[in-house]
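Chemist: Below are the structure tokens for one structure; questions will follow.
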Amino acid sequence: MPRTYDNSRRAARAAETRRRIVDAAIEVFRERGYAGARMAEIAERASVSVDTVNVNGPKSALLQAAVEVASFGQEGEHLVFEFDLGADILRQLDADALARLLAEFLVDLNERVGVLWTVLTAEAIVDEELAARHEAMLASIIRSTHALVRLCEERGWTSGDLTHDQRVATLLTIGSIDSYRRVRHGLGFDADSCREWLRIGIVTALRT
């Protein structure tokens, strides 16, 4: 009788290997940048062969995966409401509570992902494949922000003269990694000061 191969076990091993490779890529891209990252070093840190890393590549795809996993713990394009953060957002009772939650999240996100996103943004200028990946990720962020503002509107948490799109644009601007870097490193804000600056900015975007 032929032996039945356990496809689910094989898939689990492949997923575990993939995660080790992406976790290693996060470290290498943070330390070396894009040009300095080598598949051989990723392979060594993941304890796999270079061929295995190449199968999971190319390098541009690994950088995208590194940003996604460092941001939300999983790969792929998703709306914010598909993550644990989305459930936390839905539990908030008013705009002030939402602003505190989002400010906390954004500080944590920027501290974790800022370097990786900067690497991706810089390389997207000169690499067409990375530019396409970068644009797709930005589009996902924009869709999530539209969904967030719609939720606030439906719950009666918005007021003032700003239109829906103006609120989205304001939140995208203050929540961007570029803005965070200017405030955190350019102005010398500590994490707590950044958190309060973000909280005020989010409330202002919703109530202006």
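The values are calculated or read from the model by the stated rules, or taken from the named source; none is laboratory data. Not measured: the values here are computed from a predicted model. Note: ideal-geometry Cβ built from the backbone for every residue, glycine included; neighbour counts use all protein chains shown.
Each row is one residue, and each column tells you yes or no for (1) loosely packed, with under 14 Cβ neighbours inside 10 Å; (2) touching a Lys or Arg at 6+ places or on another chain (Cβ under 6 Å); (3) modelled with pLDDT of 95 or more; (4) among the aliphatic types (A, V, I, L, M).
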{"residue": "R10", "(1), (2), (3), (4)": "yes, no, no, no"}
{"residue": "R20", "(1), (2), (3), (4)": "no, no, yes, no"}
{"residue": "A35", "(1), (2), (3), (4)": "yes, no, no, yes"}
{"residue": "Q64", "(1), (2), (3), (4)": "no, yes, no, no"}
{"residue": "G73", "(1), (2), (3), (4)": "yes, no, no, no"}
{"residue": "E104", "(1), (2), (3), (4)": "no, no, yes, no"}
{"residue": "L109", "(1), (2), (3), (4)": "no, no, no, yes"}
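Chemist: Also, I was wondering about something else. Scan the stretch 144-181 residue by residue and report those that are among the basic types (K, R) and either touching a Ser or Thr at 6+ places or on another chain (Cβ under 6 Å) or at pLDDT 95 or above (or both).
Modeler: From the stretch 144-181, those among the basic types (K, R) are 150, 155, 167, 181; that's our starting set.
Within the stretch 144-181, R150, R155, R167 meet the criteria.
Chemist: Among the numbered criteria (1) β-branched (V, I, T); (2) without any contact (Cβ under 8 Å) to a residue 60 or more places away in the chain; (3) over 24 Å from R18 (Cα atoms), which single criterion is violated by V107?
Modeler: Among (1) β-branched (V, I, T); (2) without any contact (Cβ under 8 Å) to a residue 60 or more places away in the chain; (3) over 24 Å from R18 (Cα atoms), V107 violates only (2).
Residues are listed down the side, and each one gets a yes or a no for (1) out of contact with any Leu (no Cβ under 6 Å at 6 or more places or on another chain); (2) more than 18 Å from V69 (Cα to Cα):
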residue	(1), (2)
A95	no, yes
L101	yes, yes
T121	yes, no
L130	yes, no
I141	yes, no
R150	yes, yes
H164	yes, yes
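Chemist: Right, another one. Just to confirm my filter: which helices (runs of 4 or more DSSP H) fall fully inside the stretch 50-93 and include at least 2 residues that are free of Cβ contacts under 8 Å to residues at least 24 places away in the same chain, within 19 Å of I142 (Cα to Cα) and out of contact with any Leu (no Cβ under 6 Å at 6 or more places or on another chain)?
Modeler: 84-91
Chemist: If I filter the stretch 116-134 down to residues being part of a helix (DSSP H, G or I) and acidic (D, E), which single residue comes out as surrounded by the most Cβ atoms within 10 Å (Cβ to Cβ)?
Modeler: E123
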